[in-house]
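Each remark here refers to the structure printed beneath this line.
FYI, it's all coordinate maths here, none of it is from the lab. No experiment lies behind these values; they were computed from the predicted model shown. Cβ atoms come from the backbone with ideal geometry, glycine included; neighbour counts cover every protein chain shown.
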Amino acid sequence: MGAMVPVMAVEALQDFLLGAFPPAVHNRIGRVESIAPGRVRMRLDPDADCLRPGDLVSGPTQMGLVDVAAYAVVLAHIGPQPMAVTSSLTMNFLRGARMAPVMADAVVLKLGRRLATIDVRLWQDDADALVAQATAIYALPA
C-alpha cells in the first residue's frame, strides 16, 4: 500500500459522524481517538443498553463499532462522503468483551477507486488480546 495521507482531522471526522448518525445512537457509535496514515482508532464506552446477558458487550454493539470505524477510516482518507456504504462485513468474535471501554483499530488494506477493504480489530485492555476481528468492504461513491 502506498503512502496514504489523511484528509480529515480528528475533530472534523467526529463532527461529521455525529451529523451523519441520529442523536439517538450517538452513545453507540464511539469516538474518534486518533487518525494516522491508513489508520483510525475509535473508542466506545458501553452503557447498559450495549450489554447482553452475562454483562458482556453485545455482538450487535461490537459490529456497529466495527462498521463505524471502517466508515471513519475511509472518510479520513477520502473526505466527508456520506454515501460511502458497507458492501460486506465479516466478523469474528474471539472472546467476551466486558463492560469496559472497547477500542477499535481500523486499518485500510486497500483503497481503490470503487472499493475499500478495511481490517478492524477490537480490544479492551491489551491491543494484543483481541475481543474481535472483522474485515469490511466499503463501496465508494463515484
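Quick one: check the C-alpha center-to-center distance for the range 85-135 versus the range 1-73, whole angstrom. For the range 85-135 versus the range 1-73, the Cα centre distance is 10 Å. Counting only alpha carbon atoms, the long axis of helix 59-78 and the longest principal axis of the chain meet at about 20°.
Fewest neighbouring Cβ atoms within 10 Å first, the residues Thr135, Thr90 line up as Thr90, Thr135. Which of (1) 15.1, 46; (2) 14.5, 42; (3) 14.2, 44 is the computed Rg and Dmax of the Cα atoms in Å for the structure on display? Answer label, from the structure shown: (3).
In plain terms, the chain from His26 to Ile137 could stretch by 37.7 nm, reckoned as 0.36 nm per residue minus the Cα-Cα distance. Length gained on full extension, Asp47 to Ala12: 10.1 nm, using 0.36 nm per residue less the C-alpha separation. For the chain, the longest principal axis of the Cα atoms and the long axis of helix 10-20 meet at an angle of about 80 degrees. Its relative contact order, with pairs defined as Cα atoms under 8 Å and 6+ residues apart, puts the chain at 25 percent. Largest mean-square fluctuation among Gln14, Gln124, Gln81, in a Gaussian network model of the chain whose springs join Cα atoms under 10 Å apart, belongs to Gln81.
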